[in-house]
Amino acid sequence: MAANNRRMSGKKGAQVGSGGQRRRGLEGKGPTPPAEARKGHKKNRVATAKAKQVTRRPAPRGRGGRPTSELVVGRNSVVEALREGVPASTLYVQQFIDNDERVREALQLAAERGGINLMEAPRPELDRMTNGLNHQGLVLQVPPYEYAHAEDLANAAYDAGKDPLIVALDGVTDPRNLGAVVRSVSAFGGNGVVVPERRAAGMTAGAWKTSAGAAARTPVARATNLTRALEAYKKAGIVVVGLAADGEVEIGELEALGGPVVIVVGSEGKGLSRLVGETCDHRVRIPMPGGAESLNAGVAAGIVLYEAARRRA
């Protein structure tokens with residue numbers, strides 16, 4: 001009986017199929033990752049060591065107005081930032097990451113742009129960098145934005161033989177609104193945007209993306225004290241115009257928009273702060289037949305910039 005069982009075990013029966021694994025194994029896996037992202041490569045080991053050193057350093061606190069780097073976290077966010085041309089210094093990639101389409105696109109975009117370091121790091125290191133956020137194995141480091149000085153914006157206009165056209169934001173805290181204003185300033189030939197140093201939106205990755213590339217050619221200046229910056233503009237012969245729902249004149253009636261001007265836009269809801277409003281030479285309103293109480297900063301700035309550009313044409 002035992003012999004019979006042995007003979008039966010040697011017979012060929014139905015075989016378990018591969019389930020298409022062999023066929024899928026022949027399919028392409030996309031472009032070869034850079035050396036820094038390939039496990040076992042010398043450049044990969046060097047990049048991993050550097051990543052550990054960077055992530056173990058204490059994060060700068062940014063006291064005294066010193067700028068700090070920003071991290072873009074997550075596969076979709078990283079890919080979108082790279083697509084929109086957001087400045088980046090380093091792309092961190094998790095070791096043994098699942099190499100899907102977004103990962104491959106992020107690596108390809110970073111390689112094509114050039115100047116972006118690629119570093120592979122263990123998951124615990126990325127968790128520490130992002131304070132436990134769901135980074136999905138991709139972290140993009142955005143260097144601090146290099147702000148201009150408020151006087152540089154006016155000087156650049158005069159050097160080009162033009163009257164300055166500048167937008168100042170008072171209490172606008174949403175980076176997307178800042179990005180939208182930068183985009184409008186660029187579209188209508190303005191010279192830049194001024195933002196306060198405190199309690200205001202800065203040029204983050206979100207602002208860069210909303211600007212749709214305009215931030216690369218339109219400077220943003222940061223003022224320690226916005227009121228003093230506006231007073232300095234006035235001394236230089238530039239008219240300061242503030243937008244207010246209860247403004248004394250409509251934008252279509254203000255001749256000053258055709259000359260050197262700084263347009264001050266307040267936050268949605270609160271409007272201009274008291275000191276800034278008192279500093280303005282004119283307070284103008286945008287007529288709204290539809291009855292809306294206020295417009296966001298990006299829309300309001302775009303309307304006034306259009307009127308200023310029309311008068312200058």
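Structural remarks
- Computed from backbone phi, the HN-Hα couplings of the stretch 119-128 come to 10, 9, 9, x, 4, x, 5, 5, 4, 5 Hz, rounded to whole numbers (Karplus: 6.51 cos²θ - 1.76 cosθ + 1.60, θ = phi - 60°; Gly and Pro given as x).
- The listed peptides 178-184, 278-284, ordered by packing as a protection proxy, come out as 178-184, 278-284 (highest mean of other Cβ atoms within 10 Å first).
- Residues with amide H under 5 Å from that of GLU70, placed H, sequence gap 5 or more: VAL142
- Local electrostatic count at THR227 - Lys and Arg +1, Asp and Glu -1, tallied over other residues with Cβ under 12 Å: 0
- Cut-off 13 Å between beta-carbons: net charge of the residues surrounding LEU275, Lys and Arg +1, Asp and Glu -1: -1
- Heavy-atom accessible area ranking, 1.4 Å probe, most first, across LYS235, LYS162: LYS235, LYS162
- The local environment of GLY213, defined by Cβ-Cβ distances under 11 Å, has a net charge of +3 under the rule Lys, Arg +1 and Asp, Glu -1.
- Relative contact order (%) - criterion: Cα under 8 Å, at least six apart; region: the stretch 205-285: 37
- Assuming charge only on the beta carbon of Lys and Arg (+1) and of Asp and Glu (-1), the dipole of the stretch 183-274 about its Cα centre is about 620 debye to the nearest 20.
- 20 Å cut-off, amide nitrogen to a point 7 angstrom out along ARG285 Cα→Cβ, residues in the stretch 225-259: 241-257
- Among ALA201, ASN155, ALA215 - extreme Cα towards positive end, dipole of the stretch 74-223, charges at beta-carbon: ALA201
- Karplus-derived 3J(HN,Hα), 6.51/-1.76/1.60, for each residue of the stretch 221-232, Hz, glycine and proline x: 9, 10, 10, 4, 9, 5, 4, 5, 5, 5, 5, 5
- Estimated FRET transfer efficiency (ALA160, LYS235; beta-carbon r; R0 25 Å; 0.05): 0.75
- ³J(HN,Hα), Karplus 6.51/-1.76/1.60, whole Hz, each residue of the stretch 200-211, x for Gly, Pro: 8, 5, x, 7, 8, 4, x, 5, 4, 5, 5, 5
- Inter-label distance for GLU84 and THR173, nm, one decimal - labels placed 7 Å from Cα along Cα-to-Cβ: 2.1
The values are calculated or read from the model by the stated rules, or taken from the named source; none is laboratory data. What you are looking at is a predicted structure, and each value in this text was computed from that prediction instead of being measured. Cβ coordinates were reconstructed from backbone atoms using ideal geometry, including for glycine residues, and neighbour counts include every protein chain displayed. SASA here: full protein model, heavy atoms, side chains in, ligands and nucleic acids out. Shrake-Rupley method; radii C 1.70, N 1.55, O 1.52, S 1.80 Å.
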